[in-house]
Structure formats: structure tokens, C-alpha cells
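Trainee: Have a look at this one.
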Amino acid sequence: MEKYVLVVESNCSDPAREAEFNDWYDKVHIPDVLETPGFVRATRYVNNDPPAAGKGKFLAVYEIETDDIARFLKANNENLAKKRAAGRFTELLVIAGRGLYKQSSSKAR
């Protein structure tokens, strides 16, 4: 089983509605995303320093385990398209960057 992380930097389009954005992200979006088989965990972070221009204030790290990343990505895209069609997305989400990384090594203390 291969391991990956999907990292997504994001911002809220309306700082006055940041609490609403975080509530949606934590209570709606992450559970929706985790419905795709292969996702293991999702963790969100907030940058305590003012982010540089073009960078996200928030970072989501999604851990993935799959034997077929192409099939996984297709299933995830289909799942997210269904969620959008069902009105489960928000106009507050602004994606500043994203990347998919395959694990190449791992060590623990």
C-alpha cells in the first residue's frame, strides 16, 4: 500500500466570516472528503504568522493510502463533484496552493 499526503493551502474570502468558514471546513468539508476510500486522516493547521502574499493562512493535510493513486484521484474528484452539486461547498473557500506527495521514506524516534 503506497502512502501519500495531499496538502491544501487555503484562505477565507471574507475575514469577517472566518468562524463560519472554519466551521464549514471542519464539520462539512473534511467529513465529505473522508468519504472517499483511501483517505486515512485529515488535519488542519493555521499559520500564526501573517501569510506571505499568495500563501494560505490555513493548511489541510490529508493522509492517503492506496494501491492505485489514479483510481483514488478519480473517485475523489467524483465525490467532490457530487458534494458541489448538492450545495455542500462554500464561496468562502479560496485555494492558495495544493500538492500531492508520495511518501519516499519514514522514520520515527
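Trainee: Taking segment 1-17, which residues are open to solvent by 70 Å² or more (accessible area, probe 1.4 Å) and within 17 Å of K55 (Cα to Cα)?
Mentor: Result: P15, single match.
Trainee: If you go through segment 86-109, how many residues are among the aliphatic types (A, V, I, L, M), more than 20 Å from D23 (Cα to Cα) and out of contact with any Leu (no Cβ under 6 Å at 6 or more places or on another chain)?
Mentor: First, pick out the residues of segment 86-109 that are among the aliphatic types (A, V, I, L, M): 86, 92-96, 100, 108.
Filter once more, keeping what is more than 20 Å from D23 (Cα to Cα): 100, 108.
Then drop every residue that is not out of contact with any Leu (no Cβ under 6 Å at 6 or more places or on another chain), which leaves 108.
Counting residues in segment 86-109 that are among the aliphatic types (A, V, I, L, M), more than 20 Å from D23 (Cα to Cα) and out of contact with any Leu (no Cβ under 6 Å at 6 or more places or on another chain) gives 1.
Trainee: Kindly check whether there is at least one residue in segment 18-40 that is open to solvent by 60 Å² or more (accessible area, probe 1.4 Å), assigned to a strand (DSSP E or B) and not charged (D, E, K, R).
Mentor: Going residue by residue through segment 18-40, those that are open to solvent by 60 Å² or more (accessible area, probe 1.4 Å) are 19-20, 23, 26-27, 34-35, 37, 40.
Then keep just the ones that are assigned to a strand (DSSP E or B); that gives 37, 40.
Those still in the list that are not charged (D, E, K, R) too: 37, 40.
Within segment 18-40, one or more residues are open to solvent by 60 Å² or more (accessible area, probe 1.4 Å), assigned to a strand (DSSP E or B) and not charged (D, E, K, R).
Trainee: Within the set of pairs 6+ apart or on separate chains, which have a first residue in segment 1-18 that is over 17 Å from L59 (Cα atoms), a second that is among the β-branched types (V, I, T) and in a strand (DSSP E or B), and C-beta atoms under 9 Å apart?
Mentor: Sorted first by the residue in segment 1-18, then by its partner, the pairs are M1/T66; E2/I64; E2/T66; K3/V40; K3/I64; K3/T66.
Trainee: May I pose another question? When only residues in segment 50-85 that are among the polar types (S, T, N, Q) and either touching a Leu at 6+ places or on another chain (Cβ under 8 Å) or in contact (Cβ under 8 Å) with a residue 24 or more places away in the chain (or both) count, which is surrounded by the fewest Cβ atoms within 10 Å (Cβ to Cβ)? Explain how you work it out, then say what you get.
Mentor: Residues of segment 50-85 that are among the polar types (S, T, N, Q), as a first pass: 66, 76-77, 79.
Restricting the remaining residues to those that are either touching a Leu at 6+ places or on another chain (Cβ under 8 Å) or in contact (Cβ under 8 Å) with a residue 24 or more places away in the chain (or both) gives 66, 76, 79.
Numbers: T66: 19, N76: 19, N79: 17.
The selected residue is N79.
Trainee: Same structure, new question: For residues that are among the small types (G, A, S) and in a strand (DSSP E or B), tally how many sit in segment 41-95. Outline the logic, then answer.
Mentor: Here is the first cut: in segment 41-95, the ones among the small types (G, A, S) are 42, 52-54, 56, 60, 70, 75, 81, 85-87.
From what's left, in a strand (DSSP E or B): 42, 60.
Total satisfying the criteria: 2.
The values are calculated or read from the model by the stated rules, or taken from the named source; none is laboratory data. Small disclaimer: the values here were computed from a predicted structure and weren't measured. Reconstructed Cβ throughout: ideal geometry from the backbone, glycine too, with neighbour counts over all protein chains shown. Just the protein is used for accessible areas: all its heavy atoms, side chains included, with ligands, DNA and RNA removed. Shrake-Rupley method; radii C 1.70, N 1.55, O 1.52, S 1.80 Å.
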